[in-house]
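Reading through the structure tokens given below for one structure.
Values quoted throughout were computed directly from the atomic coordinates according to the rules given, and no laboratory measurement underlies them. This is a predicted model, so every value here is computed, not measured. Neighbour counts are summed over all protein chains in view; Cβ atoms, including those assigned to glycine, are modelled from backbone coordinates with ideal geometry.
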């Protein structure tokens with residue numbers, strides 16, 4: 001699968017309160033949450049974001065609370081994937097489970113700027129920065145997680161397992 | 001193996017596990033709350049299995065925006081309540097509820113050696129009881145509710161050793177803030193933090209809960225203590241469940257071992273906007289504040305309420321400052337009432353609330369306006385966490401919070417003497 005869009009760039013330790021402030025956790029639909037995605041650290045994000053766009057950040061992206069609302073808000077905004085140097089643990093699980101692809105790549109995070117046009121080939125973990133002409137390769141997922149992703153998330157994976165066991 | 005590895009091995013039917021290994025773990029308790037349960041229920045229904053794996057191993061607690069703060073919160077709480085009733089799972093209604101991580105141990109629902117997963121990042125709190133407890137998202141919790149199992153990657157363990165006798169006003173909050181200040185908010189990413197040493201043995205259970213609670217603030221997957229006499233005394237009378245006391249082997253492999261001298265650690269204050277942005281109280285300077293919050297899953301237990309009351313007793317909350325005290329459970333509230341602590345707070349001019357997570361995550365019951373500063377015993381001081389993006393949160397222990405409420409600026413209790 002190929003993902004393509006403009007880049008929204010952020011720094012280190014982007015926490016889940018920044019991705020979706022807790023005051024909106026009285027809702028849980030992706031489309032509703034998307035209306036407030038990133039608003040506390042980037043007021044313009046909601047107006048600027050286009051379907052397919054990519055978030056690029058430094059280390060520990062998604063730290064803080066366990067709210068699944070965070071990857072849902074990003075997905076609802078049209079974000080096709082997140083590239084960062086590292087991800088917080090719970091956010092990582094939540095993203096896999098909700099079908100938001102994450103790519104861990106230090107080089108890419110250092111060499112992609114806000115507004116760059118970037119394309120990602122998920123299967124090979126290849127990241128192409130069309131604005132600079134540079135390409136990068138993300139750390140591959142462990143086989144176990146690739147299987148969950150390939151099956152369409154944890155719910156589908158579990159359903160398949162349950163029907164296999166019957 | 002380490003303590004954490006032994007618990008995980010026992011829950012996946014293996015003799016040994018090693019860091020990095022993917023395993024399927026059986027869960028002893030599965031938790032969610034009024035903001036994470038709605039998504040978990042939605043995903044649970046997608047599975048189409050119709051029933052939960054064991055109603056007595058699933059808990060739902062309406063604590064984040066409950067008692068309901070607005071119509072949408074009321075709808076979410078209702079959705080959860082109806083699911084809880086239908087599936088006959090463990091549920092605590094407003095009036096008997098408290099903050100989830102305060103009441104689960106209090107009610108004896110967690111014992112040493114358990115694996116607990118919760119759709120709340122502070123599920124790591126139960127590590128104080130030598131359980132492997134960790135936060136996950138709603139979909140993971142939906143799977144655990146349905147199957148009683150969840151996948152995990154075995155984490156490496158970092159051992160923290162605290163030596164020496166701490167100062168009078170130094171407790172679990174200061175040790176964990178100090179640690180996060182040293183290793184950073186991703187210093188224990190994907191890892192178990194194991195707390196050991198004579199200063200940890202001397203800590204009360206309530207103080208240990210505070211430390212395990214904030215392991216996530218260093219990126220940790222769990223924050224764990226071994227069982228000792230204090231753990232056993234805490235469990236006595238709360239549960240009749242048998243439990244296994246796992247212990248790290250003398251030759252257990254740790255990712256690293258970090259030693260601190262507890263006698264050199266002052267009360268800590270985490271400045272905006274990260275829990276790692278810590279300073280000792282002596283270096284805080286003169287910072288005027290508008291609000292103080294004493295409570296939360298981090299510091300809403302009886303030891304915390306007692307400590308704050310001891311500092312504030314006979315004094316007055318500074319003119320123009322709001323001091324909000326939130327006991328973490330009905331039991332904490334009632335015990336505090338019996339001990340005369342609630343009277344101390346009210347006479348001092350503090351507001352006392354029924355248990356709720358409320359202001360900690362900017363829900364309600366103490367939201368900050370632009371430019372306002374708050375000293376809080378909670379766990380996160382991210383941008384906008386307690387209200388306006390231009391407000392500021394300073395994290396501290398309950399004694400510092402109480403002293404700051406009296407003096408109207410960030411201050412240690414020694415300044416009140």
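Tabulated values for the structure
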| quantity | calculated |
| --- | --- |
| Bins of 10 Å from zero: percent of alpha-carbon pairs in the stretch B:92-195 | 12, 38, 35, 13, 2 |
| Cα gyration tensor shape for the stretch A:69-166, rounded if a/c is under 1.5, else prolate or oblate | prolate |
| Directionally averaged projected area (convex hull, Cα atoms, the stretch B:143-246), nm² | 8.2 |
| Ratio Rg/Rh, restricted to chain B and using Cα atoms, in which Rh is the Kirkwood radius | 0.95 |
| Projected area averaged over orientations for the stretch B:233-339, convex hull of C-alpha atoms, nm² | 11.6 |
| Average partner coverage of B:145-156, which counts Cβ from other chains inside 10 Å | 2 |
| Once the Cα gyration tensor of the stretch B:1-138 is diagonalised, semi-axes √(5λ) in Å | 28, 17, 12 |
| Residue-averaged 222 nm ellipticity for chain B, from DSSP H runs of 4+ at -39500 (n - 2.57), nearest 500 | -8500 deg cm²/dmol |
| Ranked by how many other beta carbons lie within 10 Å on average, peptides B:298-309, B:130-141 from highest | B:130-141, B:298-309 |
| Separation between Cα centres of the stretch B:363-383 and the stretch B:83-154, rounded to whole Å | 26 |
| Paired Rg and Dmax values of the stretch B:269-416, which use every Cα atom, in angstrom | 13.6, 39 |
| For the stretch B:17-84, alpha-carbon Rg over 2.2 N^0.38 Å | 1.34 |
| Value at 222 nm in deg cm²/dmol, rounded to 500, when DSSP H runs of n ≥ 4 in chain A each add -39,500 (n - 2.57) | -8500 deg cm²/dmol |
| 10 Å Cβ neighbours from other chains, averaged over peptide B:329-342 | 0 |
| Kirkwood estimate for the stretch B:121-170, i.e. one over the average of 1/r between Cα atoms, Å | 13.9 |
| Reciprocal of mean inverse Cα separation for chain A (Kirkwood radius, Å) | 16.0 |
| Cα-based Kirkwood hydrodynamic radius, the protein assembly as shown, one decimal, Å | 23.9 |
| Alpha-carbon gyration tensor eigenvalues x 5, square-rooted, for the stretch B:212-262, Å | 25, 16, 12 |
| Coarse-grained scattering of the stretch B:183-241 at q = 0.16, 0.25 Å⁻¹, given as base-10 log I(q)/I(0) from a Debye sum over alpha-carbon atoms | -0.55, -1.00 |
